[in-house]
Amino acid sequence: MAASWRADIVDRVRTLIVEAEPDVVEEAKWRKASNPDGVPTFACSGLICTVETYKDKVKITFAKGASLADPGTLFNASLDAGTRRAIDIFSGDELDEAAFVGLVREAVALNRA
């Protein structure tokens, strides 16, 4: 994969989040010298998730992930965390897009409850 694989994943994840919840608000937070663009955060009636890029992966962290059913078993990181759960995507990984959209919708429903 080309060097832009992380940006491609972030763009695709952004599209899927908006598909799942058109009223989502994206905001860049936590800007710093080493990451001047900040961390994309997605919210609807509360924080849904953050999307961070690292040298070897893209990490999607769901703020209330421990409370989500995750029937597609997408969560593969932060599994011992008390509240959050994350999905680490590495170069060449395929994201189950239908399961991801379902997870975002579940997170929004939880926020609205």
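Some notes on this structure:
- Angle between the chain longest axis and helix 97-112 axis [Cα atoms, degrees, rounded to 10]: 50 degrees
- Pair ALA33, LEU16: separation of 7 Å Cα→Cβ label points (nm): 3.5 nm
- FRET efficiency, SER4 to ASP56 (Cβ-Cβ, R0 25 Å, nearest 0.05): 0.95
- When the Cα gyration tensor is reduced to axis lengths a ≥ b ≥ c, the ratio a/c is 1.5 or higher for region 30-78, and with a/b not above b/c it is classed as oblate.
- With contacts taken as Cα pairs under 8 Å and at least 6 residues apart, the chain reaches a relative contact order of 24 percent.
- Accessible surface of the chain, 1.4 Å probe, proportion on carbon and sulfur as whole %: 50 percent
- Over the chain, DSSP H runs of length four or greater, each weighted -39,500 (n - 2.57), average out per residue to a 222 nm ellipticity of -9500 deg cm²/dmol.
- Residue-normalised accessible area of the chain, expressed per residue, 1.4 Å probe, Å²: 56 Å²
- Listed by chain and number, the lysines whose C-alpha is less than 20 Å from the C-alpha of LYS64, apart from same-chain residues fewer than 8 away, are LYS29.
- Gain in span if fully extended, LEU79 to ALA109, counting 0.36 nm per residue against the direct Cα distance: 8.7 nm
The values are calculated or read from the model by the stated rules, or taken from the named source; none is laboratory data. Everything numeric here is computed off the predicted structure, so don't read it as measured data. With ideal geometry, Cβ positions are generated from the backbone for all residues, glycine too; neighbour counts draw on all protein chains shown. Please note that ligands, DNA and RNA were not included when accessible areas were found on the heavy atoms of the full protein model with its side chains. Shrake-Rupley method; radii C 1.70, N 1.55, O 1.52, S 1.80 Å.
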